[in-house]
Structures are given as C-alpha cells and as structure tokens.
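The values are calculated or read from the model by the stated rules, or taken from the named source; none is laboratory data. Keep in mind that what you see is a predicted model, and the values were worked out from it rather than measured. Heads up, the Cβs are rebuilt from the backbone with ideal geometry, glycines too, and the neighbour counts pull from every protein chain shown. These accessible areas exclude ligands, DNA and RNA; they are computed on the full protein's heavy atoms, side chains included. Shrake-Rupley method; radii C 1.70, N 1.55, O 1.52, S 1.80 Å.
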Amino acid sequence: MQRIITITLSPAFDIHYYVERFQLGKENYSSKRIVDAGGKGINISRALLAHGMASLSIVAMGENNAAEFKAMLDAERLEYLEFLCPGSIRHNITIHPEDGPETRLMQQGFYLGLTTLWDIEEAITPHLGPGTLVAFSGRVPRGVPMGVLKPFLCTLKKNGALLALDSSGLAIEDLAEIKPWLIKPNEQEVEALFGREIKTDQEVLSAAQELHQLGVENVLISLGERGLVYAGSELRCHLRVPKITPVSTIGAGDSTLAGYMFAYVQGWDKIEILKTAAAFGTAACLTPGTQPPQPEVVARVKAEIEVEL
C-alpha cells in the first residue's frame, strides 16, 4: 500500500465552546467545551486513522506546551515525528452558537526557523519513494519565506512524492512553479488566488480548469454546503452533497482531502474517489469540535451525493 505522510508546520489546540446564543459584548455561558489536537495535516491523519488507514504525521511544535500536545496525539495513537521550536503551540478558539454561524479567534503561532525546516527535510526523505502521498497543509509559519518553502516542496516531489497542497500562503505563480499533484482550496482562497470575485458554480468550474492548466494534476475546490468542484485531465464535475445541519465545520476541508487520499490509495475510480472526498468533508461537519468523520456516516452521506458532469 502507498505510504501517506502529512506535514503540519503550524499546529493548534482547537478549543470549541458551545453556547445557546452568542451575544457580542455580553457574558456568554458555555454548555460544552471540547479541546482537540489540531492543525490541517494532523486533521488529515486523524481522519485517515478513523477509517483504518495509517499515516506518518510530521509536526513542528512549540516546546513550551509540546508535552500536552504530544499526549493528545499519543492518546489517538497517531504515528508522528515532532520537531521542537522555541515558543508555544497556538490556541484557536471557536464559538458555536445554536442560532448562528461559528466565530473563530486564532492566535499567531511560534517562529519556525530555517534550521528546523531543513531538519524536517532530512528526516522525511528516507520515508519518500515513488508514489508516496504527501499532504502539506495549513498556514506557512513565521520564519519560513516562500523562497525557501518552494525548494522544500520541490525536493519532496523530486524524491517521488505526490504532493497535495492545502495552504493559503501560496500564490498562483507558486502553484505554476511547483505543479503539485493536487490542491484543495476553498471558494474564498480561489478568489484570492485569481484576485477576482467568483460567484457562480460555472465560474468555480472555470477557475478549477484554469488551475489545472497551470500544471496542477487534480484541482478540488470545496464549496461548503454546495459541495465540491473537480477539474483534471479527463474530468470536470460538480458533486452535490445532501443538506445537513452542521455541528462543527472546523476541519471539514481537511477531511475532504483525507477522503480523496484514502480512496486514491484504495485504487478506486475517479468518481468514487471524488464521492468519497465529498462524503468525508460533509460527514466531518456532523461531528463535534474537530473530530474526524465516522465511517458509518460517510457511507450514508456518500449514497446521497449527486455528480454533475
């Protein structure tokens, strides 16, 4: 089976408060608090493991609170390699009211020096080989300029990695240079890439095709409740997901990418891969906090997905 590696340079403690009603400028009482070890690559690894598929998670950690973070990863039995940096792993706080949208408060993370990035490159290289799936996800931390990150990513490719990118720090010129195997931006990130409004589903499909023509083999654009758009060499389509009442949308995009990688490793055909990706993402919205999608829910959601070619 192909190896899957996830890279998280900017992890976080995801702290979720559930409130009956959130009022700005008022005292708000929480009925439930959930804390998860998060970060986009970690979320992918957790979603894969929930479906019985192991991966290796490469994680940079602030040394001040790394022990607590590692204890949470150990409790979930994730396989990981940690790389310590001065400072602390950030806290991301999400407020979930019963009668309105989620509100997020996101801290700035630790400073990751170039020496740490080179240590990661040295450590990850022995695990690479032809067809190894590598997901690089999340924000680019302080201390890593794009002029250094791009060679790092290209080195992973040269060592055989199929590179899946889900990072808002990359510009369209960077994608054209790196030519990753897969990208998974959301609608707002696509608008930022092109510097223009993208309003209709047809405009999203056109944008996905433009990104594919830059040399990106597989382009997934997540649209929330409107599903998922895909463009590749042999297929362009829109996957419509069933209507749900979300419990938490945090980590849903990461689960979408996990679903794609999970199905790809299984050797399924493209439509099944895409339906699995969309089902993982939607099912993740039905779990509290940043918990991964559950197999029985994924199967139920997948049966209701419609594919528009």
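Measuring between alpha carbons in the structure, the pairs from Lys179/Lys275; Lys26/Lys199; Lys70/Lys179; Lys26/Lys70; Lys199/Lys275 lying more than 27 angstrom apart are Lys26/Lys199; Lys70/Lys179; Lys26/Lys70. Each label point was placed 7 Å from the Cα along the Cα-to-Cβ direction; for Asp119 and Glu177 their separation is 2.6 nm. Between Leu235 and Ala192, the modelled labels are 2.9 nm apart [label points 7 Å from Cα along Cα→Cβ].
Each of Gly25, Val144, Met72 was placed along the dipole of the stretch 7-155 (beta-carbon charges, centred on the mean Cα), and the one lying farthest toward the positive end is Gly25. Straightening the chain between Ala67 and Asp269 buys 68.6 nm, computed as 0.36 nm per residue apart minus the Cα-Cα spacing. Simple point charges give the picture: +1 on the Cβ of Lys and Arg, -1 on the Cβ of Asp and Glu, and for the stretch 29-101 a dipole about the Cα centre of about 60 debye.
Using the empirical formula 2.2 N^0.38 Å as the baseline, the Cα radius of gyration of the stretch 1-41 reaches a ratio of 1.81. May I ask you to list the residues of the stretch 97-125 whose amide nitrogen lies under 17 Å from a point 7 Å from Cα along the Cα→beta-carbon direction of Thr155? The answer is 112-125. As a calculated quantity, the FRET efficiency between Thr245 and Ala303 at R0 = 25 Å, using C-beta atoms, amounts to about 0.85. Normalising by residue count, the chain has a Cα convex hull of 136 Å³ per residue.
For the pair Leu24 and Leu84, label points projected 7 Å from Cα toward Cβ lie 4.2 nm apart. Across the protein chains, with a 1.4 Å probe defining accessible surface, the residues Lys26, Lys270, Lys158 rank Lys158, Lys26, Lys270 from largest area downward. For the set Leu128, Leu84, Leu309, Leu9, the ranking by accessible area, highest first and with no ligand, DNA or RNA atoms included, is Leu309, Leu84, Leu128, Leu9 under a 1.4 Å probe.
Accessible area per residue of the chain at 1.4 Å probe, in Å²? Please list the in-between numbers first.
On the way: 13610 Å² over 309 residues.
About 44 Å² of surface per residue is accessible.
Would you mind telling me the share, in percent, of accessible area of the chain contributed by carbon and sulfur at probe 1.4 angstrom? Show your work: numbers first, answer last.
Values: 6870 of 13610 Å².
It is 50 percent, rounded to a whole number.
One way to sum up the overall shape of the stretch 1-153 is the equivalent ellipsoid from its Cα gyration tensor, whose semi-axes run 30, 18, 14 Å, largest first. With contributions of -39500 (n - 2.57) from each DSSP H run of at least four residues, the per-residue ellipticity at 222 nm computed over the chain stands at -11000 deg cm²/dmol. Remark: the Arg139-Gln209 segment gains 22.8 nm on full extension, using 0.36 nm per residue and subtracting the alpha carbon distance.
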